[in-house]
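Participant: Pasting in a structure now, in structure tokens, and then I'll have a few things to ask.
Each value in this text was obtained by applying a stated rule to the coordinates, not by laboratory testing. Predicted, not measured: the structure shown is a model, and the values here were computed from it. For neighbour counting, all protein chains shown are included, and Cβ atoms are generated from backbone atoms with ideal geometry for every residue, glycine included.
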């Protein structure tokens, strides 16, 4: 990953001078970066930094106000349909149809991506096998655990054989076993299919272990980018967490005010009636 | 077509998998039948108008379709708030097909409910159904079901809050029901009531069903069909436009 001004043939994602505003608030402020094919790229930042807005723009859910986004060489704004065939997404919140079975969810996805009927059964069987969820295929999604739902979402995102996958906090709320299993799957996919992975997460230990490159966004601007070791040394930290905290501030302004003023807040509270 | 079928099936399967929903959706039509039917039947007979239940059943079928379809807009709002809509929006799929699949699913569910109510009314002897009229009545039912499915989709696309959805939809649907000729005949009504009823597409559907099921048509049935086709086309365009502007929350 590198900050870039021009698209290169080896770039899977190219973001150039992108701006997104909500009313007067600039959520994403003139960001530029690129991700090479086959990389695991971690997009980090504190809550409200602009990560989700960026992902929404990359996945065609929101148009950028300014700038150009290209995925696999195609302009996201102008070739949205073609771009959508290239990527899979696992959103932060579960987007499975809770009232349908695992198999029906996968079948619907095939329908959305116009996968020929003759191929569907085979592809569904493959991803079910890959994520070890074949025995759950007839279960209504609502009845699955959080970890299983995540695996189904990952399986679904790969059904149309994308070259890029977006993972928005994929391990949020999962127990350590499920997290490990998920990363093992992703690692396997990266190795076997040269899949490009764009992920956001707050688990920085996972990023250190699995990501090739990192970008840190804060208040809509990218404040550091490069390999994991580059970002750590740039921020003069021991770990990525040190670097992240040093780059984005130990605590958000609001939290700092709260902790700094805790005594005063307690002092200011009305005394209880005796 | 495959996508439309898939989303149609999703709506129907969700309905069939929730028996509670089937029974609760049947409760309101039977409440109308019992409360209004028993309450107004003697007055209706005294006025020399005949069997009030026979008059009321098409109105109750119309109410069943109206409330089932319009309230199904809440499913869309729910999908927007709880994720599934994102899956459809990042897919290289036509928004129009997604909308039509949903709307046809909602239409089918409402028609199943209406048929169940109709069968129960028929078995209970509340309404003698002429065999030839059933298909015509069903045709009118289909037209109003599609129309109000689109209206539900519009509401589900533009409203933002599931909490207030019910209140707002009640505010829209309840006057539509009472000003549709569902519960009282239009003959002898004041001009204001007749005018408002004539502006309501549900009136033409209920009147068409009533005429086909052995009652009297108030409006020319061909004109009713024409009006319902026109409002369906307008509603389809409006729903397509509203749904094209949906963004995930």
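Participant: Cα axis of helix A:117-130 to longest principal axis of chain A: angle in degrees, 0 to 90, nearest 10?
Facilitator: With both axes taken from Cα atoms, the answer is about 50 degrees.
Participant: Roughly how many nanometres apart are two label points built 7 Å out from the Cα toward the Cβ at residue B:45 and residue A:219?
Facilitator: 8.1 nm
Participant: Looking only at the protein assembly as shown, where both bridge partners belong to it, what percent of the DSSP beta bridges are antiparallel (to the nearest 5)?
Facilitator: 60 percent
Participant: Could you check what % of the DSSP bridge pairs in the stretch A:11-251 are antiparallel, to the nearest 5?
Facilitator: On the way: 22 of 38 bridges.
Taking every DSSP beta bridge with both residues in the stretch A:11-251, the antiparallel ones total about 60 percent.
Participant: So what is the relative contact order for the stretch B:93-249, in percent, with contacts set as C-alpha pairs under 8 Å and at least six apart? Write down the numbers at each step before the final one.
Facilitator: Numbers: 134 pairs, mean separation 55.1, N = 157.
The value is 35 percent.
Participant: May I pose another question? For an R0 of 25 angstrom, estimate the FRET efficiency from the Cβ-Cβ distance between residue A:81 and residue A:118 and round to the nearest 0.05.
Facilitator: On the way: r = 23 Å, r/R0 = 0.91.
Step by step, r from the Cβ atoms, then E = 0.65.
Participant: Further question on the same structure: Give the angle, between 0 and 90 degrees and rounded to the nearest 10, that separates the Cα long axis of helix B:162-178 from the longest principal axis of the Cα atoms of chain B.
Facilitator: That works out to roughly 30 degrees.
Participant: For the stretch A:11-251, what does the relative contact order come out to in percent, with C-alpha contacts under 8 Å and a separation of six or more?
Facilitator: Working: 436 pairs, mean separation 61.9, N = 241.
26 percent.
Participant: Can you compute the FRET efficiency between residue A:227 and residue A:65 using 1/(1 + (r/R0)^6), with r the Cβ-Cβ distance and R0 = 22 Å? Round to the nearest 0.05.
Facilitator: On the way: r = 31 Å, r/R0 = 1.39.
With a Förster radius of 22 Å, E is 0.10.
Participant: With n ≥ 4 as the cut-off for DSSP H runs, can you work out [θ] at 222 nm for chain B, using -39500 (n - 2.57) per run divided by the number of residues, rounded to the nearest 500?
Facilitator: Numbers: 11 runs with 196 residues, N = 249.
So the helix-based figure for chain B works out to -26500 deg cm²/dmol.
Participant: Something else now. Distance in nm between label sites at residue B:244 and residue A:19, each 7 Å beyond Cα in the beta-carbon direction?
Facilitator: In this crude spin-label approximation the distance works out to 2.8 nm.
Participant: Shape call for the stretch A:79-183 from the C-alpha gyration tensor, a ≥ b ≥ c root eigenvalues: rounded (a/c under 1.5), prolate (a/b greater than b/c) or oblate? Spell out each step's value before the answer.
Facilitator: Numbers: a/c = 1.72, a/b = 1.23, b/c = 1.41.
It comes out oblate by the Cα gyration axes.
Participant: If each residue's Cβ is checked for other Cβ atoms within 10 Å, how do A:69, B:151, B:144 rank with the fewest at the top?
Facilitator: Values: A:69 21, B:151 24, B:144 30.
Starting with the residue having the fewest Cβ neighbours, the order is A:69, B:151, B:144.
Participant: Test of understanding: what is the full-extension gain from residue B:226 to residue B:192, defined as 0.36 nm times their sequence separation minus their Cα-Cα distance?
Facilitator: Details: separation 34, 0.36 × 34 = 12.24 nm, distance 2.33 nm.
Gain in length upon complete extension: 9.9 nm.
Participant: While we're here: Order these by the 10 Å Cβ neighbour count, fewest first: A:118, B:153, B:122. Could the numbers behind the result be given before it?
Facilitator: Details: A:118 7, B:153 29, B:122 15.
Placing the least packed residue first, the sequence is A:118, B:122, B:153.
Participant: Based on the inverse mean of 1/r over its pairs of different Cα atoms, what is the Kirkwood hydrodynamic radius of the protein assembly as shown, in Å? Provide the component values of the computation, followed by the final result.
Facilitator: Numbers: mean 1/r = 0.0381 Å⁻¹.
Computed over the protein assembly as shown, the radius equals 26.2 Å.
Participant: Right, something else. What span do the alpha-carbon atoms of chain B cover on each of the three principal axes, reported in whole Å from largest to smallest?
Facilitator: Projected onto the principal axes, the Cα atoms of chain B cover 61, 37, 35 Å.
Participant: Any idea what angle helix A:146-158 forms with the longest principal axis of chain A, computed on alpha-carbon atoms, 0 to 90 degrees, nearest 10?
Facilitator: Long axis of A:146-158 versus the principal axis of chain A: about 60 degrees.
Participant: Take every residue in peptide A:108-117, count the Cβ atoms of other chains within 10 Å of its Cβ, and give the average of those counts.
Facilitator: On the way: counts 9, 4, 2, 12, 13, 4, 5, 1, 1, 1.
Mean partner shielding for this stretch: 5.
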